[in-house]
Amino acid sequence: MIFGMVVVTFIPRVLPLALLGNKELPESVVIWLSYIPAAVLAALLAPSILLKNSSLYLSLENTALIAFFPTLLVACKTKNIFYTVSGGLIFYLIASALV
Amino acid sequence: MSQREENIINKNFTKKFNDSSLKAGSKDALPIILGYLPIGLAYGMLAVNKGLTPLQTTAMSVFVFAGSSQLVAIEMIAAEAAVVAIVIMTFLVNLRHLLLSASLSLHLRNLPLYYYPFLGFLVTDESFAVAMSKIENKKKKQRYFIGLGFTAYLGWVFSSAVGAFLTEFINFGSGGALDFVLPAMFVVLLVMQISSRSEIMVAIFSALLSIFFALTIDGSWNIILATVLAAFLGVYISGNS
């Protein structure tokens with residue numbers, strides 16, 4: 001598995017650098033690529049706070065979901081990984097203590 | 001010509017440690033390392049908690065060197081996803097490097113071919129961001145970038161190894177607040193990615209699709225499907241505005 005990951009990490013990093021030179025990618029491809037990071041992260045985030053045992057978990061007892069909102073606020077205000085993650089942990093602990 | 005290049009390289013080898021471009025590069029990597037430390041630690045801790053050995057965890061950092069893909073991979077391993085799904089996901093997450101690599105190539109041209117695997121391996125969001133703002137006025141751009149990228153690489157491997165081995169010896173316990181580290185990290189990475197209204201729409205659409213596919217299809221394919229489709233929505237929105 002790691003080998004497979006190595007190959008697919010390597011290809012997009014090295015090939016364009018070696019081959020593309022000054023050639024331009026088609027504009028629609030560039031636009032499509034530019035949306036990938038936001039799409040991936042959202043696709044990962046949503047199930048991690050909204051699903052539990054493969055079913056929707058919409059409840060005030062869903063600590064991760066409760067902690068998500070103040071964490072999002074910190075993320076928007078600071079745009080800093082360290083502050084957001086430590087803030088998120090604190091919110092999570094508070095939320096799980098309250099429920 | 002090629003002999004001249006060889007001479008230059010030999011000279012560079014002997015001057016390896018007092019080369020100013022290389023040094024400038026590794027100095028500029030310090031803020032990157034500071035940013036990597038908490039992520040690397042968290043990655044190491046999470047990976048071991050999800051069942052990887054510290055050695056496997058560190059090996060992934062040494063060979064793959066792609067923070068977000070590695071976090072995605074351990075999340076998928078924990079969900080018992082198929083290896084093929086993990087590899088495809090890694091490919092998708094790393095596709096964005098095409099863009100970075102393609103625009104960096106404007107600064108790193110006409111070098112001997114064997115340079116490119118090394119330069120390419122060191123392309124990350126962070127090294128790219130620093131390089132684009134500073135590489136312009138450097139004399140030996142390829143050496144600057146290697147200094148920058150390699151120093152950041154060492155920081156990444158080091159911090160994930162520390163996280164992994166610490167967790168092996170001190171049991172931080174699984175579950176509880178540690179489960180929220182990754183979601184919190186996704187939140188801030190997402191916020192940092194977003195700079196336009198269309199990206200917000202793509203993110204929301206992708207989140208909904210991901211939930212929908214997770215409820216209807218087995219095996220973590222929801223992430224890949226949602227990502228690809230949501231990015232197409234982005235292209236569609238961009239085309240209409």
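The values are calculated or read from the model by the stated rules, or taken from the named source; none is laboratory data. This structure is a prediction, so every number in the text was calculated from the model and none was measured. Please note: Cβ atoms are built from the backbone with ideal geometry, for glycine as well, and neighbour counts cover all protein chains shown.
Miscellaneous remarks
- Count - residues of segment A:32-57 that are part of a helix (DSSP H, G or I) and either modelled with pLDDT under 85 or within 18 Å of A:Phe68 (Cβ to Cβ) (or both): 17
- Complete set of residues in segment B:124-172 that are within 17 Å of B:Tyr36 (Cα to Cα) and among the acidic types (Asp, Glu): B:Asp125, B:Glu126
- In a residue-by-residue description of segment B:168-185, the property of being among the small types (Gly, Ala, Ser), in a helix (DSSP H, G or I), farther than 24 Å from A:Leu44 by Cβ and touching a Leu at 6+ places or on another chain (Cβ under 6 Å) applies to no position.
- Residue in segment B:81-92 that is farther than 14 Å from A:Gly4 by Cα, over 16 Å from the mean Cα position of the chain (by Cα) and surrounded by fewer than 22 Cβ atoms within 10 Å (Cβ to Cβ) present: yes
- Some residue of segment B:187-201 being over 21 Å from B:Val64 (Cα atoms) and more than 11 Å from chain A (Cβ to nearest Cβ): yes
- Among residues of segment B:213-224, those that are in contact with a Leu (Cβ under 9 Å, 6 or more places away or on another chain) and part of a helix (DSSP H, G or I), counted: 6
One line per residue, one yes/no per condition, for (1) charged (D, E, K, R); (2) at pLDDT below 95:
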residue: B:Leu119; (1), (2): no, yes
residue: B:Lys138; (1), (2): yes, yes
residue: B:Leu148; (1), (2): no, yes
residue: B:Ser159; (1), (2): no, yes
residue: B:Ala164; (1), (2): no, yes
residue: B:Asn171; (1), (2): no, yes
residue: B:Gly175; (1), (2): no, yes
residue: B:Ala203; (1), (2): no, no
residue: B:Gly219; (1), (2): no, yes
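- Number of residues in segment B:83-134 that are touching a residue at least 40 places away in the same chain (Cβ under 8 Å) and among the hydroxyl-bearing types (Ser, Thr, Tyr) equals 2.
- Some residue of segment B:79-101 being away from chain A (no Cβ under 11 Å), part of a loop (DSSP other than H, G, I, E, B) and out of contact with any His (no Cβ under 9 Å at 6 or more places or on another chain): yes
Quick grid of which residues meet (1) of a type in the set (Gly, Ala, Ser); (2) closer than 27 Å to B:Leu46 by Cβ; (3) assigned by TED's automatic domain parsing to the domain that holds B:Ala59:
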{"position": "B:Ala78", "(1), (2), (3)": "yes, yes, yes"}
{"position": "B:Ala85", "(1), (2), (3)": "yes, yes, yes"}
{"position": "B:Phe128", "(1), (2), (3)": "no, yes, yes"}
{"position": "B:Ser133", "(1), (2), (3)": "yes, no, yes"}
{"position": "B:Leu154", "(1), (2), (3)": "no, yes, yes"}
{"position": "B:Ser159", "(1), (2), (3)": "yes, yes, yes"}
{"position": "B:Phe165", "(1), (2), (3)": "no, yes, yes"}
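- Of all residues in segment B:199-220 being within 16 Å of B:Met76 (Cα to Cα) and small (Gly, Ala, Ser), the one that is surrounded by the fewest Cβ atoms within 10 Å (Cβ to Cβ): B:Gly219
- Failed criterion for B:Lys139 (all others in (1) loosely packed, with under 15 Cβ neighbours inside 10 Å; (2) within 14 Å of chain A (Cβ to nearest Cβ); (3) part of a loop (DSSP other than H, G, I, E, B) hold): (2)
- Per-region count, segment A:79-97, residues at pLDDT 85 or above and of a type outside the set (Gly, Ala, Ser): 9
- Selected residue (criterion: nearest to B:Asn94 (Cα to Cα)) from residues of segment A:65-79 that are surrounded by fewer than 22 Cβ atoms within 10 Å (Cβ to Cβ) and either of a type in the set (A, V, I, L, M, F, W, C) or at the interface with chain B (Cβ under 7 Å from one of its Cβ atoms) (or both): A:Lys79
- Highlighted here are the helices (runs of 4 or more DSSP H) found entirely within segment B:16-75 that include at least 2 residues which are more than 19 Å from A:Leu44 (Cα to Cα), polar (S, T, N, Q) and out of contact with any strand residue (DSSP E or B) (no Cβ under 7 Å at 6 or more places or on another chain): B:20-28, B:54-63.
- Lone qualifier among A:Leu41, A:Leu51, A:Leu73 - being within 17 Å of the chain's Cα centre (by Cα) and assigned by TED's automatic domain parsing to the domain that holds A:Ile90: A:Leu73
- Residues (of a type in the set (Ser, Thr, Tyr), more than 17 Å from A:Ser86 (Cα to Cα) and within 14 Å of another protein chain (Cβ to nearest Cβ)) located in segment B:26-53: B:Thr53
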